[in-house]
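Before any comments, here is the structure.
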Amino acid sequence: MAEGITKYQGEGAEHYVSPRKKRGKGETKMQPPLTPMIDVTFQLLLFFLLTMTFRLEEGMIPGALPQKGQGEPTDPLVEPITVRLVATGENKQDVNFLIDGANVTMQSGQELLAYFKGRIENLGGSTDSPVIIAPQGEVRWRWVVEVFNQAHAAKFKEVGFAPASG
Amino acid sequence: MAKKKHVGANVDFNMTPMIDVTFQLIIFFIIAGQMASDDLAALIPPEPYESLASAALNKDRWRIINIPSKAGNDPGAADVEAREADEWIIGGRPIPNNDQNLLITRLREEIARDNIPPEEVADLIVEIRADYRVPYKEVVPVLLAIREAGIAKMNVTAIVKPPEDL
């Protein structure tokens, strides 16, 4: 048998390990350099933290458009409520809501909703009257949506858009 | 007497949990940053008083027409710039010069692409997603184009109000 090798008979064989090898065992610890990776990771994290903006929560106000060719009044007894929107203020940013046939001028959606509710009360709770939104061309979209929203809030069944007037 | 070799204590931070958390955060920001769909152009929808806007239920047959302002989603932009509509966008594709006929063609293409039978075209919903500053006259051609394409259902996008404001 060669010198330095011990062999045991029985369950398994144990090989000779030299004292030099024994000393070296477990001391060499391999670890990749983590610092640059952590640096880059934090740079990415900071970038996303600073540039991230969450979208505003959006939703739908349901509506329907008339079919082409429709336009004949189905029930002439039901008087429509026409809301005219007139652009006012500097750069026409603001609006006045005028109701046709009634000497009423409003400036906010809150007032408009109160008017619609009062009108429904006068009609004995009926919401059959069509609401026609008739804005001037320069009126901002936000005010058109405001009327549409308030007509829905008052539970009117029919809401329509008129072509833009001068 | 042999000189005793002095070995300093090796203090090592456990970086693994920190790197784990950092990567989780990065993945969150990457995914959350892509949540905004390509269909949604950069614009600010209107925020009516007591908004009734609610989440869309069926997005299978759903098309979005964006009417952005030239000011994009910058609320501090000059008013002159903000009141002009930029190019309409449908399905992520802009409509050059806001050509109404091209929009009708695109809407018909969308109907043809999905093989929607004529009797079900009315079920297709078009969402009008317009900037709150855009004038009404810029939206009217889109409403007319939708009607011309034979689509009857139209929803208007608005910012959803939290329930406590209602």
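What to note about this one:
- Which listed residue, of B:ILE65, B:ILE111, is surrounded by 12 or more Cβ atoms within 10 Å (Cβ to Cβ), in contact with a helix residue (DSSP H, G or I) (Cβ under 8 Å, 6 or more places away or on another chain) and away from every other protein chain (no Cβ under 14 Å): B:ILE111
- B:THR16 being exposed (fewer than 11 other Cβ atoms within 10 Å of the Cβ), within 11 Å of chain A (Cβ to nearest Cβ) and at pLDDT 80 or above: yes
- When B:LEU124, B:LEU103 are checked against the criterion of being within 13 Å of chain A (Cβ to nearest Cβ) and either crowded, with 18+ Cβ neighbours inside 10 Å or of a type in the set (A, V, I, L, M) (or both), B:LEU124 stands alone in meeting it.
- Qualifying residue in region A:130-150 (condition: more than 9 Å from every other protein chain (Cβ to nearest Cβ) and part of a helix (DSSP H, G or I)): no
- Failed item in (1) more than 22 Å from the chain's Cα centre (by Cα); (2) without any contact (Cβ under 8 Å) to a residue 40 or more places away in the chain; (3) buried (at least 19 other Cβ atoms within 10 Å of the Cβ), with B:GLU119 passing the rest: (3)
- Flag: A:PHE161 matches the condition of being modelled with pLDDT under 90, among the aromatic types (Phe, Trp, Tyr) and farther than 16 Å from B:ASP131 by Cα.
The values are calculated or read from the model by the stated rules, or taken from the named source; none is laboratory data. Just so you know, these numbers come straight off a predicted model, no measurement behind them. Methodologically, a virtual Cβ is constructed for each residue, glycine included, from the backbone with ideal geometry; neighbour enumeration extends over all protein chains shown.
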